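Asks: Could you have a look at this structure, given as structure tokens, before my questions?
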Amino acid sequence: MSLNSYGHLFRVTTWGESHGPALGATIDGCPPGVPLSEADIQVWLDKRKPGQNKYTTQRREADEVEILSGVFEGRTTGTPIQLMIRNTDQRSKDYGDIAEKFRPGHADITYWQKYGIRDYRGGGRSSARETAARVAAGGVARAALALLLPELSITGYMVQMGDKRIDRARFDWDEIARNPFWVPDAAAASEWATYLDGLRKSGSSVGAMIEVTARGVPAGLGAPVYGKLDTDLAAAAMSINAVKGVEIGEGMQAAMLTGEANADEIFMGATGPEFASNHAGGILGGISSGQDVVLRFAVKPTSSILTPRKTITKAGEATEITTKGRHDPCVGIRAVPVGEAMVAAVLLDHLLLDRGQTGGIRGTIG
């Protein structure tokens, strides 16, 4: 299987399977001299790891990261960084029934059609377990960004679960870390808890919408045409398991606006240009404007549910399947730190690309 890497100068290759002995990431292109320890990465993995509450899969994984190379005396050396996360709570027997059957909504059938072989233990490479490696790599990107862009912050949160949306009038940044859904609306978090608990007990699942906001992004990241910042952000988000749609800024809703409503008017402020609104999501012509970069992506309902579903076997025979095992009733919860990690990796990559091309030179205004 090819194409396991993403990024240009900051390049990440993930490896490993859901039920193998370990998984991880190889990172090439991280600048030297970045302070980095396993604890710097672990804090982000702890946000994503399973089994933390009743609303996520009960698979118990510590998700402890090990740095095998690329760091000396607490700082990156500029050589490839190898990260490893050992799998410790596999229950492969839960998947014995699907060895000859294809689970609806999963990649089982397409992997078989393409490769003629698949690891049916939890989905192997197609499992969302692979995203642990992305979060670890994102931790490295965050460490580099903290050194190069100390004012930058990247925050992900859920804005919708099923047909239930947050009330943006109640948006509270501090609330995000106070509830198990990473929701910036305390009233919505309470309502969603009751809703998801009912779905969890029935063995069903639901989709979600996640938003990631990067504050403190400097103007000038990205390049026109084929090197657009929003192109790489969209591709990074779309590559996350179960993601079926991506938006930047106003996104699909921009189709409903007039030109007057959509245009973000520009004024001269005390320290530089200021915008009256941010329908563009902080990116114009593929280049960051200095405003908040806002990315939004939709995650489908977890396909592993207890309700019997019709399917076929590898022999083409009709059958039914009930997916056993330990699964997330709303995979969107643990997709939040994954989305943050992908945004961090893309922003660092484009920061390095910009430094390589322009050296940080900018056109003056005023």
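The values are calculated or read from the model by the stated rules, or taken from the named source; none is laboratory data. It should be emphasised that the depicted structure is a prediction, and the values quoted were computed from it without experimental measurement. Don't worry about glycine lacking a Cβ; one is built from the backbone with ideal geometry, like all the others, and counts go over all protein chains shown. All accessible areas refer to the heavy atoms of the entire protein, side chains included, with ligands and DNA or RNA removed. Shrake-Rupley method; radii C 1.70, N 1.55, O 1.52, S 1.80 Å.
Asks: Given a 1.4 angstrom probe, what's the average accessible area per residue across the chain, in square angstrom?
Replies: Working: 17020 Å² over 366 residues.
Value returned for the chain: 47 Å² of accessible area per residue.
Asks: List the GluC sites (Glu not before Pro) within the stretch 252-326 that DSSP assigns to loop and that have no more than 13 neighbouring Cβ atoms inside 10 Å. Intermediate values should be presented prior to the final figure.
Replies: Details: sites: 260, 265, 274, 317, 320; in loops: 265, 317.
Those satisfying the criteria are 265, 317.
Asks: Another question, then. Which Cα, out of 29, 240, 159, lies furthest along the positive dipole direction of the chain (beta carbon charges, K/R +1, D/E -1)?
Replies: Positive-most Cα among the choices belongs to 240.
Asks: So if R0 is 22 Å, what FRET efficiency would residue 365 and residue 153 give, r being the distance between their Cβ atoms, rounded to the nearest 0.05?
Replies: Details: r = 25 Å, r/R0 = 1.12.
So, using R0 = 22 Å, E works out to roughly 0.35.
Asks: When a/c reaches 1.5 or more, the comparison of a/b and b/c decides; with that in mind, is the stretch 196-253 rounded, prolate or oblate per its Cα gyration tensor?
Replies: Details: a/c = 3.27, a/b = 2.48, b/c = 1.32.
It comes out prolate by the Cα gyration axes.
Asks: Would you please classify the overall shape of the stretch 202-302 from the alpha carbon gyration tensor, given that a ≥ b ≥ c denote the square roots of the eigenvalues, rounded means a/c under 1.5, and beyond that prolate means a/b larger than b/c while oblate covers the rest?
Replies: Verdict is prolate for the stretch 202-302.
Asks: If I compute Kirkwood radius over Cα pairs in Å from the structure I just sent, which labelled value in (i) 21.7; (ii) 23.2; (iii) 19.6 lines up?
Replies: So the structure-derived entry is (i).
Asks: Dipole magnitude of the stretch 196-292 about its Cα centre, charges +1 at Lys/Arg Cβ and -1 at Asp/Glu Cβ only, in debye to the nearest 20? Display every interim value, and only then the final one.
Replies: Details: 5 positive and 11 negative charges, 103 e Å.
With Lys and Arg at +1 and Asp and Glu at -1, about 500 debye.
Asks: Now, a different point. With a sphere of radius 12 Å drawn around the Cβ of residue 66, what net charge do the other residues whose Cβ falls strictly inside it have (Lys, Arg +1; Asp, Glu -1)? Don't skip to the answer; put the middle values down first.
Replies: Details: positive: 86; negative: 38, 63, 64.
Charge balance near residue 66 sits at -2.
Asks: Using the charge dipole of the stretch 152-257 (Lys, Arg: +1 at Cβ; Asp, Glu: -1 at Cβ; taken about the Cα centre), state which of 186, 257, 196 has its Cα farthest towards the positive end.
Replies: Sorting the options by dipole projection puts first 196.
Asks: Suppose every K and R has +1 on its Cβ and every D and E has -1 on its Cβ; what is the size of the dipole of the chain about the Cα centre, in Debye to the nearest 20? Could you put the intermediate results ahead of the total?
Replies: Numbers: 40 positive and 42 negative charges, 283 e Å.
For this selection, approximately 1360 debye.
Asks: Can you give me the relative contact order of the chain as a percent, contacts being Cα pairs under 8 Å and 6 or more apart?
Replies: Details: 769 pairs, mean separation 79.1, N = 366.
Once normalised by length, the contact order is 22 percent.
Asks: I would also like to ask the following. For the chain, which whole-number percentage of the solvent-accessible area (1.4 Å probe, protein heavy atoms only) is attributable to carbon and sulfur atoms? List each step's numbers first, then the result.
Replies: Values: 9230 of 17020 Å².
C and S fraction of accessible area: 54 percent.
Asks: Taking only complete DSSP H runs, can you tell me which helices of the chain stretch 18 Å or more along their own long axis by Cα positions and average at least 0.0 on the Kyte-Doolittle scale?
Replies: 131-148, 332-358
Asks: Say the dipole of the stretch 314-364 comes from +1 at the beta carbon of Lys and Arg and -1 at that of Asp and Glu; which of 356, 321, 331 then lies farthest toward its positive end?
Replies: Farthest towards the positive end: 356.
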